[in-house]
1. Of all residues in segment 149-168, how many are over 18 Å from Thr110 (Cα atoms) and of a type outside the set (D, E, K, R)?
2. With the requirement that a residue be within 15 Å of Val179 (Cα to Cα) and part of a strand (DSSP E or B), what does segment 16-40 give you?
3. Within segment 155-204, count every residue that is out of contact with any helix residue (DSSP H, G or I) (no Cβ under 6 Å at 6 or more places or on another chain), open to solvent by less than 70 Å² (accessible area, probe 1.4 Å), part of a loop (DSSP other than H, G, I, E, B) and more than 17 Å from Thr25 (Cβ to Cβ).
4. Check off (1) over 30 Å from Glu54 (Cα atoms); (2) touching a Lys or Arg at 6+ places or on another chain (Cβ under 6 Å); (3) not in a loop (DSSP other than H, G, I, E, B) for Asp106 and give me the number that stays unchecked.
5. Being of a type outside the set (Ser, Thr, Tyr), in contact (Cβ under 8 Å) with a residue 60 or more places away in the chain and within 21 Å of Asn89 (Cβ to Cβ) narrows it down to one residue among Val34, Val26, Val22; which is it?
6. Select from segment 111-153 the residues that are outside any helix (DSSP H, G or I), of a type outside the set (Ser, Thr, Tyr), out of contact with any helix residue (DSSP H, G or I) (no Cβ under 7 Å at 6 or more places or on another chain) and surrounded by 12 or more Cβ atoms within 10 Å (Cβ to Cβ) and list them in ascending order.
7. Would a scan of segment 52-70 turn up a residue that is open to solvent by less than 90 Å² (accessible area, probe 1.4 Å), assigned to a loop (DSSP other than H, G, I, E, B) and of a type in the set (D, E, K, R)?
8. I'm told Glu97 meets every condition in (1) under 30 Å from Leu177 (Cα atoms); (2) open to solvent by less than 100 Å² (accessible area, probe 1.4 Å) except one. Can you identify the failing condition by its number?
Amino acid sequence: MPGLLGKKIGMTSVFGADGKNVPCTVIEAGPCVVTQVKTVEKDGYKAVQLGFGEAKEKNTTKPMMGVFKKAGTTPKAHLAEFKFDEDYNLGDTITVELFADAELVDVVGTSKGKGFQGVVKRHGFGGVGQATHGQDDRLRKPGSIGACSYPAKVFKGMRMGGHMGGDRVTTQNLKVLKVIPEHNLLLVKGSVAGCIGSTLLIKK
């Protein structure tokens, strides 16, 4: 299995073997249940669908309830597919011990939403830098956004104010500091995208 679903618990710090204090993120990785097994003969590709987190039956559609009952498990809140060649059976449980021998992982999360933001915060513009010459109320404005006469239009992708955050963000090559199987916890060095309690995808 190349990865698991998990939940961001928060951040803390641990002391390394060299005595240095290392900032780390605590992730509840699993346990995940195999809810579907995709095969080449039936689906055209080989993959395993994992379920994580409990959901209420009244909030689950009838087709998905059939999937969960076939796997012999309770309704799950989050699902993800992983393509690989190993064989798993419906209802198998995969825990954080999957990362016991892993040195590095990639973590995929959804960044915190910031709402509508201007160019200074969203793109790092420097602003005008002066409060004189009629600029007293335009210190954080973007300035000119188009050409003088040709091509007489604003190009697509122009950096302007707009919705910031809420994006799918992958943080690569995070060092695995510690695996705590009895509590399904995974400690990785550094920060990952998302707020506390958000769902993460952890991949070897």
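The values are calculated or read from the model by the stated rules, or taken from the named source; none is laboratory data. Since this is a predicted model, take the numbers as computed values, not measurements. Here the Cβ positions follow ideal geometry from the backbone for every residue, glycine too, while neighbour counts run over all protein chains shown. When the accessible area is computed, the model is the full protein with side chains, heavy atoms only, and any ligands, DNA or RNA have been set aside. Shrake-Rupley method; radii C 1.70, N 1.55, O 1.52, S 1.80 Å.
1. 10
2. Cys24, Thr25, Val26, Ile27, Glu28, Ala29
3. Final tally of qualifying residues: 2.
4. The failed condition is (1).
5. Val34
6. Hits for segment 111-153 are Lys112, Lys114, Gln117, Gly118, Val128, Gln135, Arg138, Leu139, Lys141.
7. No: zero hits.
8. All conditions pass for Glu97, except number (2).
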